[in-house]
Structures are given as C-alpha cells and as structure tokens.
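Worksheet: the structure to be examined is printed underneath.
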Amino acid sequence: MVTITVDGKELKVKDDVMLIEELLANSISIPHFCYHPALGKDGNCRMCMVEIKGQKRPQIACDTPIKDGMVISTKSDSIQEVKRSILELELINHPVDCSVCDQSGECSLQNYYMDVGLYESRLSTTKVHSRKKVDLGANVVLDQERCVLCTRCVRFTKEITKTRELGILNRTDHSVIATFEDQPLTDPYAMNVVDLCPVGALTSKDFRFNKRVWFLEPEESICNRCAKACSIYVDHHKAKYEADAIFRYRPRFNPKVNGYFICDVGRLSYKIENENRLSVALINNEQNNYDETSKELKSLLAKHKSKILFLISPSLSLEEMLMIKKLEKFYDAQISGYDVNEYDKDFGDDYLKCNDLSTNRRGLNLLNIDENENILKEALSGSEIVVFIGRDDIEILDNYKNIQSQICISSSTPKNPQSYNIYLPVLTHTSKEGSYINIDGYLQFSKAKVLSQNDTKNLIEVASELLDEKVLSCEQIYKDELSKMVDNITFNEIKIQSRKLSSI
Ligand code: FES
C-alpha cells in the first residue's frame, strides 16, 4: 500500500494497479467510457483525465500506474474544461434524443453532461447521420448515432467470449460498430454488450420501450436457470391497478460466481416468473379457499401418516428443504430429491452455463436428502400419498397404482392441474428470501421481494402450518439451524476470468 493525495485528501491505496481502479474503489467520481473493470483500459475516450502534480499535461487515470506520493486533482478548473471539451466532441454528431432513449436515467454520457456539459451548443454545421436501428441479432439493437465508440462491446466479443463478432468499420465520423459482413451475433452471452454499453447505442430488443428505468426497483437475487446460480438484479415495477411485474434481469457483480456477466438464457428467464402462475388453490380441480385447502391437506397427511413421500425440487432454498425435512419427521414420511428433469446435457458450456439445472443441489446434499433413483422407486411402492414440492412430474407415478392421492405445492401452474387431488400455490423465487449453494459450493442469499398477485403464502409458512409451528423468518431459520452446518462445509474460491467458449 502507498499513500496518494486526491483532491486534498490522503488515501492509502494499492500500488500495483491503475489509478482509475483505486479512485473508483474509493468512490471518487471519475468519468469514463472505455475503461471497464472486466475489460481493462483502452485509452480511447480520454474522459478519465486527471491532473497530476509535476506532469505538464493532464493524464488518463485508466493508464496511469499509481506511485507513492502522487498528488492528484480530479476537479480543478482545467480538468473540468478538458472534460467539457471531450463531451462537446462526443456530442457533435449525437442526436441528443434522451427523451426517447432507453438508456436515459442510466446513461453515462447523460450524467457526465449534466455534471460538466457546455449546455449551449456552438455547432453551426449539420450533424452526420447514421443508422438508427441496426438489428445485430441476439436481441441486440444498435443506434449508430448514439455510439461513443468506446469499444467495450468489441472487446467483450474479443476478450471474454472470444467470438470476435463485433468491430469498428470506416473512419473518422463515419466510424460505426458492426458485425463483420452483417452476420448476426450468435454467442450465448451477447446481451451483456447492452449492459456494457455506457450510452444508449446498444439496447435490448426485449426491454426497449417497455419501461423507463427510473420506475424500476432492483432487488438482489440469483438466477435460477441453472446450478451456477449467477448473481442478478431483478428489476420490477408495480404500476397503479397493475400487478407487480418483472421487466428484466441484470447481472450483479459477484467475483466468486459470475463476475460481471450472465448468459442470455438466464437473463431472459425472468419471463417465466411473470407467466404461468396459477394463483388459486384447487381441490380436485375445483377452486378453493387457500386456508381451507391447507387444512384439507393437513388432515390428509395426518390420515396417511407414515405412508407419505415428499418429492422435492433440488432448486428449493436451504430453509425450505429444512422445513420439508421437519415435515418428513413429523409425518414419519420419506423424502427424495431425485429429479431427471433438472439436467440438460446440451445446456452447459465452459463459462457460466451448467448442465445441472437445479439451483441448490449442493444444499440438498448438505441436508442429506437422498436423490437415488432406486431408493425413490422403493419409497414410491410403499406410499399412499405423494407430495410434489416445487416440481410437477406426475408421470413418475405412472406404474404405482398404490398411490391414492397426488398433491402439488408449487409456484408454477402444473401442466395438468386436474391430475392432482390438491394444488396449493406458493411464492416463486423472486417473491421470497432464501439461501442457495451453487455448483461451485458458493452460498448466496436471495432476497427479491416482487409482490405476489394474491394471498399466496411462501413454502415456509405452508410447512409451518402443517407442523403447527410458529412461522419463522428465513434469516431466523438460517441462524438457528443452518449456519453451523454451512460453516462446516468448504466452499471453493473460484475466480471468473475470460475464457474460451468451446461451445461456440
Ligand atoms: S476511460 Fe480512460 S481513456 Fe477511456
């Protein structure tokens, strides 16, 4: 560590990194377009200029190594003038169409301009116009007029996915981002370029014009598309007279899980959360009061005590699994986490996607919940009631005539609700809290609280009622019963780096 002075304040910083990294780490505002922590420096935008005592000219912080004793100014009048001039240059051909731009509200160019812009245009010539809507493929749409040519998107396809699909064509003020020979973007991580774009040039076809970003509330959660369980933000909004709806998933930086990125399939899986939600409880396919259905379930379980099998999804949270284990004990039942539907041999790659589609199989293993197929078959032969929890694969019962009642407790509507004697809806993963251990053994706590559209309870409440127990919060359950177990397992420390995608 060395000492530097920034705007009159002394800071202890690392000496083996570029200045911009430590400035940002210390929450010092330093405008930048081309630098990104996942891609490093490129030095093309010049927005990160700072004054360093002893240097004749301003220097770019993204390419200046830190030295002990440096005295830096980020806000002097001359630096503000430099930034103003660079912004004036960036905006010469920019359409300044913020009012209809999807990036408005989270646009670096807009923010910097509001901080140090010139406000009064001195331009008397006509702007150079470019194409406003170029479909690059993979849900990515380019507005060439808004682009500041920072090359983050180009470097993403070069350094992270190694697919090299994007480049810059032409020269001077005719330079544009493009795919070579107009080939569409095809790599499974392409939509990350939309997050990387610091301005409104690259937008998502899926999200554009759907919602102004300042209405969105971000919640910290995890993606439940596969066992990687990437850290995400769930951006949702409840408009007056409308249901709370999710508008997009965005990657949430987590160096131990997904770095700065997520795959496109996971990103678009938010749609599943908005759809296919049956909000009413059913008994023999007839709509029923939620609490009465829960009571009916309770008496059915009591009647068939010791002849019950709980078939649970390996994507339930640790707290939910623990509650089902308690139910297993209470009703002298059996429990299985075997689920063939949670694998897809064609899904995974060597970056963030896994063939295992369950978000908490490591949790299942931690709680010693069996997932052996033969043991499941044995349990099915000796059961009268099967309770599917968080899953809907009733076909598994095809050859078991001994099963008298099938029950489903799930957040998604079963494919054939009429096949179940009782169906009880519960909250989906974006409406509840819970802990999950991903495929690499990394524990994450998800706390998204998107409002449910009805009185649906969470699985922990349902289980507590079946156990005649007080309902505890997830946090309490974790603290009382899970924290010791989790502390005893060894988590792998993994590092996400750019790597080759063999699947491409
Ligand atoms: S961020 Fe330093 S030159 Fe672009």
Filter the strands (runs of 3 or more DSSP E) completely within segment 220-306 down to those with at least 1 residues that are within 13 Å of the chain's Cα centre (by Cα). 231-237, 245-251
What number of residues within segment 7-27 are more than 16 Å from the ligand (Cβ to nearest atom) and buried (at least 17 other Cβ atoms within 10 Å of the Cβ)? 2
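Conditions (1) in the same structural domain as Leu149 (by TED's automatic domain parsing); (2) more than 28 Å from Cys197 (Cα to Cα); (3) within 16 Å of the ligand (Cβ to nearest atom), marked per residue:
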| site | (1), (2), (3) |
| --- | --- |
| Ser29 | no, no, yes |
| Gly40 | no, no, yes |
| Asn44 | no, no, yes |
| Asp63 | no, no, yes |
| Lys75 | no, no, no |
| Asp102 | yes, no, no |
Which condition number in (1) hydrophobic (A, V, I, L, M, F, W, C); (2) within 15 Å of the ligand (Cβ to nearest atom); (3) within 32 Å of the chain's Cα centre (by Cα) is the one that Ile86 fails? (3)
Count of segment 397-413 residues which are in contact (Cβ under 8 Å) with a residue 60 or more places away in the chain and either part of a loop (DSSP other than H, G, I, E, B) or at positive phi (or both): 4
Under 6 Å between Cβ atoms, which residue pairs at least 6 apart in sequence (or on different chains) link something in segment 242-262 that is under 19 Å from Arg277 (Cα atoms) with a partner that is hydroxyl-bearing (Ser, Thr, Tyr) and crowded, with 21+ Cβ neighbours inside 10 Å? Ile246/Tyr270; Tyr249/Tyr270
Have a look at Lys67, Lys83, Lys53 and point out the one that is without any contact (Cβ under 8 Å) to a residue 24 or more places away in the chain and touching a strand residue (DSSP E or B) at 6+ places or on another chain (Cβ under 8 Å). Lys53
Those residues of segment 141-162 which are more than 16 Å from the ligand (Cβ to nearest atom), within 24 Å of Pro37 (Cβ to Cβ) and either of a type in the set (Gly, Ala, Ser) or surrounded by 18 or more Cβ atoms within 10 Å (Cβ to Cβ) (or both) amount to Leu142, Arg146, Thr157, Ile160, Thr161
Among the residues of segment 46-56 satisfying the criterion of being more than 6 Å from the ligand (Cβ to nearest atom) and hydrophobic (A, V, I, L, M, F, W, C), which is nearest to Ser108 (Cα to Cα)? Met49
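The values are calculated or read from the model by the stated rules, or taken from the named source; none is laboratory data. For clarity, every value in this text was computed on a predicted model and none was experimentally measured. With ideal geometry, Cβ positions are generated from the backbone for all residues, glycine too; neighbour counts draw on all protein chains shown.
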